[in-house]
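Report on the structure given below.
Every read-out reported here was derived from the displayed coordinates using simple, explicitly stated rules and does not represent laboratory data. Note that the coordinates shown come from a computational prediction; the quantities given were computed from them, not determined experimentally. Here Cβ is always computed from backbone atoms with ideal geometry, including for glycine, and neighbour counts include all displayed protein chains.
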Amino acid sequence: MQRRVRGLLFGIGIGLAGVLFVASPFGLSFEERVGLAWLFHLRGPVEPPREAVIVAIDEQSAIDLGLSSTPRDWPRSLHGLLIDALVERGADIIVFDLAFTREQPAGEDEAFAAAIARAGRVLLFEATERRITPLGNGATGELVVETFSQPRPVLGAAALGIAPLPLPNVPARISRFWAFLGQSADRATLPALALMAYGLHYDSGWPRLSPGWEDPLTPPDQSLPNTSRVTRIDLMARTLRRQVKTGIDLNGLPPATDEKAQQLRRALIALYTAPDAHYLNFYGPPGTIRHVGYARLLACRGRTAPPCDIDLKGRVVFVGLSELTKPPTSLAMPSPRCLRVRMAFISVGSRSLQQRSPICSTFRRCSRRNHS
């Protein structure tokens, strides 16, 4: 009897030690850096959703276009031509994963803004800077200050929406993201806003949840300063998030019109009812998500015969830095935020790993896959 009791106590002790280990910073780092990576490797590559496409600003595009190796210096009028090409190919939503905060020569911003307004489907990135300062004077702790820098006013005035994507402060490699910023008035981040815009493109039922909402996809009144349209989609996303927290039933929406609308509605309901934070779901090695070169799209304007048979109908297109192979020269690359924005969109839009133990979440996926 005593032997069984000792065995039971030993098992409880091991279990408690495991819980304490996983809850510690070292345990979290080990779980995410070693355990999560191993389980993704064990699962193997999976097919990503077809809805996401990356337009790669890469070294080859810089060479082909004869441009600087620093993409922020590229003429913004060129981005305007790219928008026209993406609209021509049928892209539903266009997300620029670049910060447009610096001034450029006269006419560049205006040409870019005109293309954004013509498209009526462009989301822009809001740069985020985090500063951590020790409190000092004998006090313990740190002061964390986040500042947000919006794109140039003429660009923001034309965009469908603007959103940030701050990075979690975790003791391991970045493997998570926020869909909503609970400490910033439930503001939607760029991947969540992209999914919202994509859903609204196919499902008109969402604005009916509140009689006061205007359709955020309608053309803005260009005579108003700083546009009302950015405010509409951002306000709608924030309001939905708050209403979910207060118990609104999203299943009470009018019936979706078709299968595509039903699919996106399920994704949005899952997004708004999930925690703020999610784990990134890695689908495979570089290139698993469909890539199209920036220069290739510009060269193929007005042409559809191979190699210009680029069909983007029904897609969400992310424009940003991406290298599938090591470049022959040094392309000035920013932080890995670019890839995370695209991966985050795919996560919130389909098979997100919500904020729980990543090992448990991935193990469940491996088990389901091995038994299907």
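Put simply, the amide H of LEU321, placed in the peptide plane, has neighbours under 5 Å in ILE57, leaving out anything fewer than 5 places away on its chain.
Taking amide H as placed 1.01 Å from N in the peptide plane, the amide H of ALA52 sits under 5 Å from that of VAL316, each at least 5 places away or on another chain.
With neighbour counts taken as other beta-carbon atoms within 10 Å, the residues SER77, SER184 rank, fewest first, as SER184, SER77. Each of GLU110, GLU51, GLU59 was scored by other Cβ atoms within 10 Å of its Cβ. Arranged with the fewest first, they read GLU110, GLU59, GLU51. Cβ crowding within 10 Å, taken as a proxy for footprinting-reagent exposure, orders TRP206, TRP178 from fewest neighbours to most as TRP206, TRP178.
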